[in-house]
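FYI, it's all coordinate maths here, none of it is from the lab. Note that the structure is predicted; figures quoted are calculated from it, not measured. Positions of Cβ are backbone-derived with ideal geometry, glycine not excepted, and every protein chain shown enters the neighbour counts.
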Amino acid sequence: MRQIIKLGIPILLGLFFSILLMGNTLALNSIDDGKSQPISNYRKTLTDAKFCPTFDDGKIVFRGEGRNNQQGIYVYLNGYLKTIANQNTPMPEGTGKFTDFGLCPASNRDNVVFIAEGSGHQQGIYISIDGFLLTVVNKKTYIPNGQGKFTGFGPCLDIDNENVVFLGYGKQNQQGIYVYQGGLLSTIADRTTPIPGGKGTFTDFGYCAAIDHEKVIFWGYGTNNQQGIYTFFNDSLFAIADVSTPIPRGEGSFTSFASMAEEIN
């Protein structure tokens, strides 16, 4: 999956930070609201970069931290480092400014998506398109095919052009994989969805779904140790591999699948 590929770039990131430490001067620019104060000296103030980063078409996107509780989402491209959003950025469709950012932003083409929080338990998923911040979903958003509004979001995102896939939670033990396409929000699978090739409905989902064009792939659980990798395409859900699938060139069937949450933690 592309999300796994994105995580496997330590050599490129090591080269990137070694260039910074050698003293190369990078131009800094803020594209969030026109009023934010950029971090003026990256080498001195941006002390901790939180990964998992995203690498897409030469562009590196990551969450970074600095002294005095500075925090934000940053992008590096063609020798320039700029701010997507930081704690000076007003929350779209929210109150006040961002206070905290998720560890795993994602990018595709010129678009960046990330999870962020604000004061008063505000939380949502936000997308930067050509430097403009928009809300994908937040705690004011009603769950499609569910009850009430979202109460939280998984730490891992994926984006293809302007389409975003994510794990969402709601009251009464609601959980599911959701996709934002063309400004509309829909359900890929939730705890009411029958498991393809299995018994009953899904009971749990891995943090990291992935999207490519109109295809979505995710890791799902069911009762009695049912689990597998599933894909959604053409309005249908299929099992790529589950615990009844024979291991090619191996012995027996699969017994489990790695959750990318384990890699993040």
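Suppose R0 equals 35 Å; then what is the FRET efficiency for residue 224 and residue 151 from their Cβ-Cβ distance, rounded to the nearest 0.05?
Calculated transfer efficiency: 0.80.
Could you calculate the FRET efficiency of residue 99 with residue 249 from 1/(1 + (r/R0)^6), where r is the beta carbon distance between them and R0 is 45 Å, rounded to 0.05? List each step's numbers first, then the result.
Values: r = 50 Å, r/R0 = 1.12.
My answer for the efficiency is 0.35.
Using alpha carbon coordinates only, what is the Rg to Rh ratio of segment 146-265, with Rh defined as the Kirkwood radius?
Over the Cα atoms of segment 146-265, Rg/Rh equals 0.96.
Among 158, 212, which comes first, then next, by fewest other beta-carbon atoms within 10 Å?
212, 158
In terms of modelled amide H atoms, which long-range or inter-chain residues lie less than 5 Å from the amide H of residue 188?
Residues meeting the criterion, in which the H sits 1.01 Å from N, are 177, 178, 179.
Given labels modelled 7 Å from the Cα in the Cβ direction, how far is it in nm from residue 256 to residue 129?
Once both label points are built, they end up 4.1 nm from each other.
For a quick check of your reading of the filter: which trypsin sites (Lys or Arg not before Pro) in segment 135-182 sit in a DSSP loop and have no more than 12 other Cβ atoms within 10 Å?
Passing sites in segment 135-182 are 140, 171.
To the nearest Å, what is the center-to-center distance of segment 63-81 and segment 103-170, using C-alpha atoms only?
Comparing the Cα centres of segment 63-81 and segment 103-170, I get a distance of 20 Å.
Can you sort 132, 62 by how many other beta carbons sit within 10 Å, fewest first?
132, 62
Hey, got a sec? Which trypsin sites (Lys or Arg not before Pro) in segment 65-99 land in a DSSP loop and have at most 13 other Cβ atoms within 10 Å? Display every interim value, and only then the final one.
Numbers: sites: 67, 82, 97; in loops: 67.
In loop regions of segment 65-99 (DSSP not H, G, I, E or B), the sparsely surrounded trypsin sites (Lys or Arg not before Pro) are 67.
What is the gain in length, in nm to one decimal, between residue 169 and residue 213 on full extension, counting 0.36 nm per residue of separation less the C-alpha to C-alpha distance? Don't skip to the answer; put the middle values down first.
Numbers: separation 44, 0.36 × 44 = 15.84 nm, distance 2.43 nm.
Result: 13.4 nm gained on full extension.
Can you pull the Kirkwood radius for segment 101-198, inverse mean 1/r over Cα pairs, to one decimal in Å?
Details: mean 1/r = 0.0725 Å⁻¹.
13.8 Å is the Kirkwood radius here.
Can you compute 3J(HN,Hα) from phi for each residue in segment 75-88, using the Karplus curve 6.51 cos²θ - 1.76 cosθ + 1.60 with θ = phi - 60°, rounded to whole Hz and x for Gly and Pro?
With coefficients 6.51, -1.76 and 1.60, one gets 10, 10, 8, 6, x, 10, 10, 9, 8, 7, 7, 9, 6, 9 Hz.
Between residue 207 and residues 5 or more places away or on another chain, which pairs have amide H atoms under 5 Å apart, with H built 1.01 Å from N, and which residues are they?
260, 261
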